[in-house]
1. Please go through segment 1-32 and pick out each residue that is without any contact (Cβ under 8 Å) to a residue 40 or more places away in the chain, surrounded by 14 or more Cβ atoms within 10 Å (Cβ to Cβ) and either of a type in the set (D, E, K, R) or not in a helix (DSSP H, G or I) (or both).
2. Which residue is surrounded by the fewest Cβ atoms within 10 Å (Cβ to Cβ), if the candidates are limited to segment 109-127 and must be more than 19 Å from SER5 (Cβ to Cβ) and not aliphatic (A, V, I, L, M)?
3. Here's a check for you: in segment 98-153, which residue that is in a strand (DSSP E or B) and touching a Phe, Trp or Tyr at 6+ places or on another chain (Cβ under 8 Å) is nearest to GLY33 (Cα to Cα)?
4. Just name the residue that is surrounded by the fewest Cβ atoms within 10 Å (Cβ to Cβ) out of those in segment 213-246 that are in a strand (DSSP E or B) and modelled with pLDDT of 90 or more.
5. Only one of GLU116, GLU196, GLU122 is in contact with a helix residue (DSSP H, G or I) (Cβ under 9 Å, 6 or more places away or on another chain), over 26 Å from ARG267 (Cβ atoms) and not aromatic (Phe, Trp, Tyr); which?
6. If you take the residues in segment 144-172 that are touching a Pro at 6+ places or on another chain (Cβ under 8 Å) and either at positive phi or among the charged types (D, E, K, R) (or both), which one is surrounded by the most Cβ atoms within 10 Å (Cβ to Cβ)?
7. Provide a single number: the residues in segment 179-202 that are open to solvent by less than 70 Å² (accessible area, probe 1.4 Å) and either of a type in the set (Lys, Arg) or touching a Ser or Thr at 6+ places or on another chain (Cβ under 9 Å) (or both).
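The values are calculated or read from the model by the stated rules, or taken from the named source; none is laboratory data. Given the structure is predicted, the values throughout are model-derived calculations rather than measurements. Using ideal geometry, Cβ is built from the backbone for each residue, glycine included, and neighbour counts are taken over all protein chains shown. The accessibility values were calculated without ligands, DNA or RNA, using every heavy atom of the protein model including side chains. Shrake-Rupley method; radii C 1.70, N 1.55, O 1.52, S 1.80 Å.
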Amino acid sequence: MSSASARLLELFEGHRLTPTQRRIAHCMVRRAGDAPFLSSVELAELAGVSQPSVTRFAVALGFDGYPALRRHLRETEPPEGPESAAESAGAGGLNEYQQAVHAEIENLRHLAALLEDPAQVERAGALLAASRPLPVLGLRAAAAQASGFAYFAAKVHPDVRLLTEGGSMLQDRLDGCVRAGAEALMCFALPRHPRETVEALDSARAAGLSIVTVADSAFAPVAHPGDLLLPAAVGTGLAFDTACAPMLLGRVLLEAMCDGLPDAQARLEEFDARASERGLFAE
């Protein structure tokens with residue numbers, strides 16, 4: 001991975017960061033191009049933390065302080081080549097809608113780089129395929145991603161249980177999944193991260209479930225060392241975040257899950273036959 005975001009992720013990997021420090025790391029990844037040039041005060045304002053928190057973050061990464069971290073980022077930042085310079089020049093003529101689309105294209109490029117080694121996705125697919133039932137969690141902004149995943153997963157998996165509503169019933173439904181024999185949980189977690197999602201994941205871990213999470217960053221508040229977290233960035237250029245990369249990653253996980261379900265193809269063919277008999281679709 002050669003992008004600025006990928007280099008930052010590599011720098012942060014392996015460090016035990018506090019929630020505040022993860023927030024700073026997440027901010028730097030999202031502003032990867034600017035990160036080497038931000039002062040500690042500017043970074044603190046962007047991340048919504050105190051300036052001393054930025055200093056402690058740099059020390060946690062093994063640097064003497066924030067100036068040393070920034071110097072490291074500048075020294076490892078590759079010079080802008082002709083191609084990237086041309087892209088930067090061209091970007092000046094794009095309107096805000098076009099810029100949002102190009103930002104999502106870049107997010108998809110990052111995702112493609114992360115998927116160069118498919119081991120994590122294959123492991124996640126096997127975990128999800130083996131769980132009976134399979135709870136799929138996504139609250140608030142992530143509810144749409146969870147619903148789409150559950151809709152397609154139910155075509156090949158015998159028992160998918162969608163959890164998109166919080167409140168007192170969420171724990172009851174999660175307990176029901178555990179009692180029914182669930183071994184894994186699929187979670188979609190997108191900004192802003194509801195506290196209920198964090199609490200539900202804590203409860204799922206305590207019950208012994210393996211957690212597979214699609215989140216906007218490896219440093220999201222839902223991150224946990226024992227989970228299998230797959231990051232897919234969201235676009236932030238419009239009034240509301242865009243989630244093309246998380247949606248695509250969900251489809252990739254569905255593909256991997258199908259590989260772990262020997263009767264997946266037969267189930268799909270059966271559905272197509274019944275849909276044709278019922279005249280379910282207008283095509």
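1. ARG31, ALA32
2. Applying the filter and picking the extreme gives PRO118.
3. So the first thing to find is which residues in segment 98-153 are in a strand (DSSP E or B), and the list is 134-137.
Narrowing further to those that are touching a Phe, Trp or Tyr at 6+ places or on another chain (Cβ under 8 Å): 136-137.
Values: VAL136: 34, LEU137: 33 Å.
Restricting to residues being in a strand (DSSP E or B) and touching a Phe, Trp or Tyr at 6+ places or on another chain (Cβ under 8 Å), the top hit is LEU137.
4. Let us first name the residues in segment 213-246 that are in a strand (DSSP E or B), namely 213-215, 228-231, 235, 242.
If we keep only those that are modelled with pLDDT of 90 or more as well, we get 213-215, 228-231, 242.
Details: THR213: 22, VAL214: 28, ALA215: 28, LEU228: 15, LEU229: 22, LEU230: 21, PRO231: 23, THR242: 18.
Only one residue fits best here, namely LEU228.
5. Values: GLU116 fails: in contact with a helix residue (DSSP H, G or I) (Cβ under 9 Å, 6 or more places away or on another chain); GLU122 fails: over 26 Å from ARG267 (Cβ atoms).
Exactly one of GLU116, GLU196, GLU122 is in contact with a helix residue (DSSP H, G or I) (Cβ under 9 Å, 6 or more places away or on another chain), over 26 Å from ARG267 (Cβ atoms) and not aromatic (Phe, Trp, Tyr), namely GLU196.
6. This residue is ARG161.
7. 10
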